[in-house]
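Below is one structure, written out as structure tokens; comments come after it.
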């Protein structure tokens, strides 16, 4: 056996070249470097692992999204807006029509379909996001007058809802 830089080489046969063999000393030294996090290769592996995990998450989220699956849901409060905004331009560029089933949300992309369910009576409506809002911190959605009226009483103004992103 010969030793070069922490590797022990052993000659396998007459015709074979030398092959590396790990020794217990080597394994202990390398394991302690990996566990301490001081190895450059270890940090590189963490980065690669994180990148692969992120790509996998994006890929599987997209798969659920394209298959029409629900990939985001939650709950909160919804209000409605109507009369004074009717016919005015929304953040998406569309004209607001209080008779259509639309909604405003702070961050969801325009065109996103969302199923809104009134927690009190179980009634649901599917709306399309075409505006930004609500501008009241405690609320998640501003529904058009028609959408709110389908699942609740517009005289109340605010309702507790569950929501599911449909596309």
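Please treat every number below as a calculation from the coordinates, not as lab data. These numbers come from a predicted model, not from an experiment. Neighbour counts run over all protein chains shown; Cβ positions are idealised from the backbone, glycine included.
Among the residues of segment 115-142, write down those that are assigned to a loop (DSSP other than H, G, I, E, B) and farther than 12 Å from residue 104 by Cβ.
119, 120, 121, 122, 123, 137, 138 - these are the residues of segment 115-142 that are assigned to a loop (DSSP other than H, G, I, E, B) and farther than 12 Å from residue 104 by Cβ.
Among the residues in segment 101-111, are any within 16 Å of residue 159 (Cβ to Cβ) and in contact with a helix residue (DSSP H, G or I) (Cβ under 7 Å, 6 or more places away or on another chain)?
The answer is yes, given that some residue of segment 101-111 is within 16 Å of residue 159 (Cβ to Cβ) and in contact with a helix residue (DSSP H, G or I) (Cβ under 7 Å, 6 or more places away or on another chain).
Specify the residue that is nearest to residue 165 (Cα to Cα); the eligible residues are those in segment 81-111 that are in contact (Cβ under 8 Å) with a residue 12 or more places away in the chain and in a helix (DSSP H, G or I).
Going through the qualifying residues, I end up with 85.
Looking at segment 124-142, which of its residues are more than 21 Å from the chain's Cα centre (by Cα), crowded, with 17+ Cβ neighbours inside 10 Å and in contact (Cβ under 8 Å) with a residue 60 or more places away in the chain?
Hit for segment 124-142 is 142, nothing else.
Scanning segment 143-167 for residues that are part of a loop (DSSP other than H, G, I, E, B) and surrounded by fewer than 17 Cβ atoms within 10 Å (Cβ to Cβ), which turns out nearest to the chain's Cα centre (by Cα)?
Restricting to residues being part of a loop (DSSP other than H, G, I, E, B) and surrounded by fewer than 17 Cβ atoms within 10 Å (Cβ to Cβ), the top hit is 167.
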